[in-house]
1. So for the protein assembly as shown, taking the charge dipole from beta-carbon charges (+1 Lys/Arg, -1 Asp/Glu), which of A:Asn25, A:Trp135, B:Leu187 sits furthest toward the positive end?
2. Taking the Cα centre of region B:16-74 as origin, sum charge times position over the Cβ atoms of Lys and Arg (+1) and Asp and Glu (-1), and report the length of that vector in debye to the nearest 20.
3. Partner chain Cβ atoms within 10 Å, averaged over the residues of B:132-140 - can you pull that number for me?
4. Enter the angle in degrees (range 0 to 90, nearest 10) between the Cα long axis of helix B:26-49 and the first principal axis of the Cα atoms of chain B, meaning the one along which they spread out most.
5. In whole angstrom, how far apart do the alpha carbon centroids of region B:53-130 and region B:148-189 sit?
6. Can you list the copy-to-copy distances for B:His118, using a point 7 angstrom from Cα toward Cβ, in nanometres, shortest first?
7. Step through the residues of region B:145-153 one at a time and calculate ³J(HN,Hα) from phi using the Karplus curve (6.51 cos²θ - 1.76 cosθ + 1.60, θ = phi - 60°), rounding each to whole Hz and writing x for Gly and Pro.
8. Got the relative contact order for chain B handy, in percent, Cα pairs under 8 Å and 6 or more residues apart?
2 protein chains.
Amino acid sequence: MSQTAAIADAPSPDDVAGSEAPRMNRRQAAKVRTRQKVLDAARGLFAERGYEPATIRDIAKGAGMSTGAVFANFQDKAELFEAVLTEDMTKLADTVKAGAGEGSVKARLAAALTAGYHGSLDQLPLFQAIVARSWFQPLAAETRARAVTKQLLAVITQILRDGVGKGELSQDADVPLLTDLLWDAYLSNYRRAAYDSWTEEQLSAHVAKQIDVILAGALTR
Amino acid sequence: MSQTAAIADAPSPDDVAGSEAPRMNRRQAAKVRTRQKVLDAARGLFAERGYEPATIRDIAKGAGMSTGAVFANFQDKAELFEAVLTEDMTKLADTVKAGAGEGSVKARLAAALTAGYHGSLDQLPLFQAIVARSWFQPLAAETRARAVTKQLLAVITQILRDGVGKGELSQDADVPLLTDLLWDAYLSNYRRAAYDSWTEEQLSAHVAKQIDVILAGALTR
């Protein structure tokens, strides 16, 4: 689609109605819907099979379109996987942030991470596929994935910094190290959910214990 | 090969020479060598490509034999992967155990885990493939993999228990929880080696810091 053609396209009544998003013409809106359909089909297949066995052909089939239509939106499977990961991790970061609430550092961390489990357990196999791939991917993909995960780590870091600010955690607490340990503990629990059928309550209780251990040396009281 | 045929086979001069292993006849020895050749080729390919893209056909090619010969030794790729994992994890458990040495709990853990890095960094991509697969595999495979990993966890647990016994760690230290946190921290550092080119020295320094944080609440002095 040439830019001239896009501009010439009249806005649809839906686009004119008072939405806060930038207005899209009909073709642009159709493109966004197509892209989202592909992403949803891909998400389902990655969750079901993992990364490698999910083929573009089957993703196209799941979205009810041709492989050509998929490739018009995504260069390859890796780009598609990253788009799914970005969407889901951004959503999870918002969930975790909103879950933090008020209270002590421990209470806020436990609440935030519990909210994280609550908002992601229905997509458990997808999370497994994401972590699995994070262990064996090209460096460029890892670098981009880290930029996305950073939003989640930032929530943990902010809670810890608030704790230092309030004097609840020691001034010389190693916040980056604590952040990584908390994140690794949080992530590792997904394996309990996957293989040991741990419920959200079990995960929540366990992560609270892990938080206790990891923060023990940094608490001032 | 029928059992009668195996018994009828005369032992080779090599087998008769004073080895401590149970004596094998020529055919048994050839079978063991073939199996090892397949395992080595598979290890190389899993390390290079990861689990899914490594095909039996290419593993056979790497071992210089037919796919039929591979299937005579291993039922499928999953069994082959598990055999590689078992061999490598058992070797690593021995390395970690031997590395523990004497001294404080912290010193012993740091020495053991540093020995672990030392003994495995030359096979980094294989470790990445093993961890990646541990996140997305059938439950039965996970259960068997845990039985193998248990040897490694047992080394950490024993060091912690020794520390409790000597009064260096609190009587009510949660040894299983501490073991898991230490193991997760140890494992997560392999990603630094893979993507950030951390050296053995950097890994060793970092794991020592992680040990300090994780044990802070359990130390009695």
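Laboratory data are not the source of any read-out in this text; all were calculated from the coordinates shown. Note that the structure is predicted; figures quoted are calculated from it, not measured. Don't worry about glycine lacking a Cβ; one is built from the backbone with ideal geometry, like all the others, and counts go over all protein chains shown.
1. Value: A:Asn25.
2. Working: 11 positive and 5 negative charges, 68 e Å.
In total the dipole reaches around 320 debye.
3. Numbers: counts 10, 4, 6, 15, 12, 5, 1, 4, 0.
Average per residue, whole number: 6.
4. Here the helix axis deviates by roughly 50 degrees.
5. 22 Å
6. Label-point separations across copies, in nm and ascending: 4.8.
7. 4, 5, 4, 6, 5, 3, 4, 6, 4
8. Values: 208 pairs, mean separation 39.4, N = 221.
Reported relative contact order: 18 percent.
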